[in-house]
Amino acid sequence: MDRQLPKRHDLAPLLKFKRPVLSPRERRLTAALTVEDLRRVAKRRTPKAAFDYTDGAADGEITLARARQAFADVEFHPSILRDVSEVDTSREVLGKRVSLPFGIAPTGFTRMMQAEGEVAGATAATAAGIPFALSTMGTTSIEDVAAADPGGRHWFQLYMWKDRDRSMALVDRAAKAGYDTLLVTVDVPVAGARLRDVRNGMTIPPTLTPRTVANAIPRPAWWFNFLTTEPLAFASLDSWSGTVADLLDTMFDPTVTYDDLTWIRDQWPGKVVVKGVQSVSDAARLAELGVDAILLSNHGGRQLDRAPVPFHLLPDVRREVGDATEVWVDTGIMSGQDVVSAVAHGAHFTLVGRAYLYGLMAGGREGVDRMIEILSGQIERTMRLLGVRTLDELGPEHVTAMRRLGPVG
Ligand SMILES: Cc1cc2nc3c(=O)[nH]c(=O)nc-3n(C[C@H](O)[C@H](O)[C@H](O)COP(=O)(O)O)c2cc1C
């Protein structure tokens, strides 16, 4: 082999110095290529109690693990030789166009995860052309979210409390503030057993104990934001200091039934979605009642452990309810591939909870932007690789959901 000294004009094209990224936040977020990466950054930057509150689920966390596994176990079936130079990820959801087939799920205590909280979620969602759902347990008020994000599509999530008048006062405020959809959550007759929170002694707001102070030392940015922004409180509820489980059990009403749902629907001028449906027969009953959408969900595994995988319920529910009622799904979505699988399996729309919060904890508003960018890139690429150009072209022929577990006998 003959050797020669490298010449300057041969070396020049190889030397590609990248423009240095000065903002540490931007550097962190650009380096995150997946939602799992955002989760790792989030974990480093967030006190343990707040991170575990987000990351954790109920009891042995079996429900959540199975829901994520179900997406991992999908087999895709691509079609070849299609022109996929252009793909369209938009669709009509409850009568209005959204640019991507996912929205931001309602989550409580969001300013505790990161001080920018719900405003970061709502503004990032609107910038991307997707809806944002505000929780009853939100830490930014109904009106403040609307004011901070004018023109955005906002949904309000309702927990029915023992005090019906106060619940309905919130519904009224949401209607007045221009929220167009009510998500009625029906899977919390009582709080799930969130063991990580019990073990961490999680309280709202977080208390300063020797343990939390020690945990705070490597996470100064979170604490600085926490201590120098508006005190953490429920924006829509009276102040509370105690454990989350105690709060939920004090507020939530285990007597709520289908009749209450009909009553709520009659009070609300916009669309109604029932969140937390977990069986074909309940879905059929809701479709008959005429709700606008059914959200198959087990609350991200935070309620009943060993609950059905919502993704697996999709084909049977779709068959049962027909096309008049939109069928949505959440729980376990961590990638665009998961969203595409859900749509191909029959979901009209999906919601993401933790993926959003990992983005938020990793980098506030820009972190949520990055989460949406990651998911939308994965959705587009997966559609192209499957040979489809629109969401309507995605169908059961594109996915096989493999089951590790099946009923005995
Ligand atoms: C930290 C956290 C708080 C939540 N708070 C609420 C809530 O206040 N109301 C509600 O209906 N669902 C709540 N959820 C459930 C989400 O709306 C959604 O169903 C779930 O996160 C979907 O699963 P995923 O996290 O795997 O995407 C919460 C979820 C998380 C992770």
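The values are calculated or read from the model by the stated rules, or taken from the named source; none is laboratory data. This structure is a prediction, so every number in the text was calculated from the model and none was measured. Positions of Cβ are generated from backbone atoms using ideal geometry, with glycine treated the same way; all protein chains shown enter the neighbour counts. The protein model used for the area step is the full one, side chains on, heavy atoms only, and it has no ligands, DNA or RNA in it. Shrake-Rupley method; radii C 1.70, N 1.55, O 1.52, S 1.80 Å.
Below are the figures for this structure:
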read-out: Residue in the range 94-122 that is modelled with the lowest pLDDT, counting only those that are among the small types (Gly, Ala, Ser) and either out of contact with any helix residue (DSSP H, G or I) (no Cβ under 7 Å at 6 or more places or on another chain) or within 15 Å of the ligand (Cβ to nearest atom) (or both); value: Gly108
read-out: Counted residues, the range 1-43 - those being within 15 Å of Asp369 (Cα to Cα), outside any helix (DSSP H, G or I) and open to solvent by less than 100 Å² (accessible area, probe 1.4 Å); value: 2
read-out: Some residue of the range 80-93 being in a loop (DSSP other than H, G, I, E, B) and in contact with a strand residue (DSSP E or B) (Cβ under 6 Å, 6 or more places away or on another chain); value: yes
read-out: Condition met for Thr185 (open to solvent by less than 10 Å² (accessible area, probe 1.4 Å), within 20 Å of Ile294 (Cβ to Cβ), β-branched (Val, Ile, Thr) and within 21 Å of the chain's Cα centre (by Cα)); value: no
read-out: Checking Arg68 against (1) open to solvent by 30 Å² or more (accessible area, probe 1.4 Å); (2) more than 22 Å from Phe349 (Cα to Cα); (3) within 16 Å of the ligand (Cβ to nearest atom), the condition it does not meet; value: (2)
read-out: Of the criteria (1) within 15 Å of the ligand (Cβ to nearest atom); (2) closer than 19 Å to Val273 by Cβ; (3) touching a helix residue (DSSP H, G or I) at 6+ places or on another chain (Cβ under 7 Å); (4) in contact (Cβ under 8 Å) with a residue 40 or more places away in the chain, which one Arg91 fails; value: (1)
read-out: Qualifying positions in the range 328-346 - outside any loop (DSSP other than H, G, I, E, B) and either within 15 Å of the ligand (Cβ to nearest atom) or of a type in the set (Asp, Glu) (or both); value: Trp328, Val329, Gly336, Gln337, Asp338, Val339, Ser341, Ala342
read-out: Qualifying residue in the range 329-350 (condition: out of contact with any helix residue (DSSP H, G or I) (no Cβ under 7 Å at 6 or more places or on another chain) and surrounded by fewer than 24 Cβ atoms within 10 Å (Cβ to Cβ)); value: yes
read-out: Leading residue by the ranking (most open to solvent (accessible area, probe 1.4 Å)) among those in the range 95-116 that are closer than 15 Å to Gly152 by Cβ and not in a strand (DSSP E or B); value: Ser99
read-out: Residues (under 23 Å from Met137 (Cβ atoms), over 26 Å from the mean Cα position of the chain (by Cα) and not in a helix (DSSP H, G or I)) located in the range 208-232; value: Leu208
